[in-house]
Amino acid sequence: MTPVVVYDACALYGNAVRDLLIRVGRARLVQPKWTYQILDELDRALARRPAATEAKRRRLRSLMVQAVADCLVVDFEPLIEGLKLPDADDRHVLAAAIKAGAEVIVTSNLQDFPADILGPWGIMAKSPDEFLLDLVDVADRVVFSCVQQIVDQRINPPETLDEVLRQLERGGLVETVAALRFG
């Protein structure tokens, strides 16, 4: 069975990393999940970028909802109030993970999802780098193929494999990129 994972908004912020996280889902290595609330949080963060116009952000949101079948978690809200996390604003992410039966929350804010709180739910938090490195360990060719798909789609302007790998590295995927380059 394909593992269910919830992507936190911070993990989806960087374009290249977001693209790879979605593609590993489309490749069925995992079943990625998010909520409209997570997409709202991502939208607010992207709105701070000068080039991220409202039209571009709406298009991104629509593409993300269409990108992966069954990606949206709904009806998780009743769980929020009973959850305790260091940052109460992150309870919706844990509630969505519980509702979806997720094994992993992929987040750049690991301190906001302590293992002692997630453990009883059978959930762990992993950084995007740790999460993708785990996928490289079990399906390196599939993850590499996902990276190559990103390269193949970047045509205006064209980008090389090395340029995309550097973008992923700048996005925090240092160990994943090293494994893909030298693995």
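The values are calculated or read from the model by the stated rules, or taken from the named source; none is laboratory data. Just so it is clear, the model here is predicted, and its values are computed rather than measured. Note that each Cβ is placed from the backbone with ideal geometry, even for glycine, and that neighbours are counted across all protein chains shown. To get the accessible areas, we keep the full protein, side chains included, count just its heavy atoms, and leave off ligands, DNA and RNA. Shrake-Rupley method; radii C 1.70, N 1.55, O 1.52, S 1.80 Å.
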For the range 5-60: of the residues being in contact (Cβ under 8 Å) with a residue 12 or more places away in the chain and assigned to a loop (DSSP other than H, G, I, E, B), which is farthest from LEU118 (Cα to Cα)? ALA27
If we scan the range 53-69, do we find a residue that is farther than 22 Å from ARG23 by Cβ and either touching a Cys at 6+ places or on another chain (Cβ under 8 Å) or charged (D, E, K, R) (or both)? yes
Only one of these conditions is not met by CYS10: (1) over 27 Å from THR160 (Cα atoms); (2) modelled with pLDDT of 95 or more; (3) open to solvent by 20 Å² or more (accessible area, probe 1.4 Å). Which number is it? (1)
Inside the range 63-79, can you point out the residues that are assigned to a helix (DSSP H, G or I), surrounded by fewer than 18 Cβ atoms within 10 Å (Cβ to Cβ) and of a type outside the set (Gly, Ala, Ser)? LEU63, VAL65, GLN66, GLU77, PRO78, LEU79
For residues in the range 80-101 being of a type in the set (Gly, Ala, Ser) and open to solvent by less than 20 Å² (accessible area, probe 1.4 Å), which is farthest from LEU173 (Cα to Cα)? ALA95
What pairs come up if the first residue lies in the range 121-147 and is over 26 Å from ARG91 (Cα atoms), the second is open to solvent by 50 Å² or more (accessible area, probe 1.4 Å) and not in a helix (DSSP H, G or I), and their beta carbons are under 8 Å apart, counting only those six or more places apart or on different chains? VAL136/GLY183; ASP140/GLY183
Within the range 13-24, take every residue that is closer than 16 Å to ARG49 by Cβ and over 9 Å from the mean Cα position of the chain (by Cα) and give me the one that is most open to solvent (accessible area, probe 1.4 Å). ASN15
Expected single match for at pLDDT below 95, in contact with a helix residue (DSSP H, G or I) (Cβ under 9 Å, 6 or more places away or on another chain) and farther than 21 Å from VAL30 by Cβ among ARG181, ARG166, ARG170 is ARG181
